[in-house]
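Since the structure comes first, as structure tokens, the remarks are kept for the end.
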Amino acid sequence: MYEKIFNKYSPEKENLIYILHDIQDANPQNFISEDAVQKVSEYLKISISHIYGVLTFYSMYSTKPRGKNVIRLCEAPPCFLKGSERILKNLCKILNVKVGGTTSDGLFTVELCACLGICGNAPVMMINEDVYGDLTDEKVEKIITEIKGRA
Ligand code: FES
């Protein structure tokens, strides 16, 4: 898997975030393993600590296994004022997980994130690459049901 991804990018430091992104996407558990960090370090000839620095700086990366669908609910003030806390509580209830946790079927991980840039549609969440705004409890339940139906 690594070779296929490395073949897409020349071994330059500037490609680090793209390579990490592709590696995470290719992992069914949505995270970047120690082994992956080692391989990237060798390929780009940069230190492991530098890579971990990048991994911890960007919240989109994870070094722990996650669900197939990563739900990131915005917790910034505009979304908070529009009820994101209630949305989160209901979301965790219907999935039976805590924030940061993964459902027992491995389908969903729930995380919080900073502003997703569409505050006019608050409250907002992202599931993998898709953004959902103007959330209500009903809308969230419908989205979750649809994704479960596709699994
Ligand atoms: S504050 Fe939530 S999307 Fe901007």
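Every number in this text was worked out from the coordinates using simple rules, so none of it is lab data. Note that the structure is predicted; figures quoted are calculated from it, not measured. With ideal geometry, Cβ positions are generated from the backbone for all residues, glycine too; neighbour counts draw on all protein chains shown.
All other residues whose Cβ lies under 12 angstrom from that of Tyr9 are scored, Lys and Arg at +1 and Asp and Glu at -1, for a net of -1. Listed by chain and number, the lysines whose alpha-carbon sits under 29 Å from that of Lys93, ignoring those within fewer than 8 places in the same chain, are Lys64, Lys68, Lys82, Lys139, Lys142, Lys148. Specify the angular offset, from 0 to 90 degrees and rounded to the nearest 10, of the alpha carbon long axis of helix 16-26 from the longest principal axis of the alpha carbons in the chain. With both axes taken from Cα atoms, the answer is about 60 degrees.
Please report the net charge: other residues with Cβ closer than 10 Å to the Cβ of Asp22, K and R +1, D and E -1.
Combined, the nearby Lys, Arg, Asp and Glu give +1.
Close amide-amide hydrogen proximity is noted between Asn69 and Phe108, Thr109, each under 5 Å apart and 5 or more residues distant or on a separate chain (H modeled in the peptide plane; Pro and chain starts excluded).
Taking label positions 7 Å along the Cα-Cβ direction at both Asn121 and Tyr58, the computed distance is 2.2 nm, reported to one decimal. With the Kirkwood sum run over all distinct C-alpha pairs, segment 1-45 has a hydrodynamic radius of 10.3 Å. Listed as lacking a disulfide-compatible partner in the chain: Cys92, Cys113, Cys115, Cys119, by the criterion of no other cysteine Cβ under 4.7 Å.
Given a cut-off of under 8 Å on Cα pairs at least six residues apart, what relative contact order in percent is computed for the chain?
About 19 percent, as a whole number.
Between helix 137-150 and the chain, what is the angle of the helix's C-alpha long axis to the longest principal axis, kept within 0 to 90° and rounded to the nearest 10? Result, in degrees: 50.
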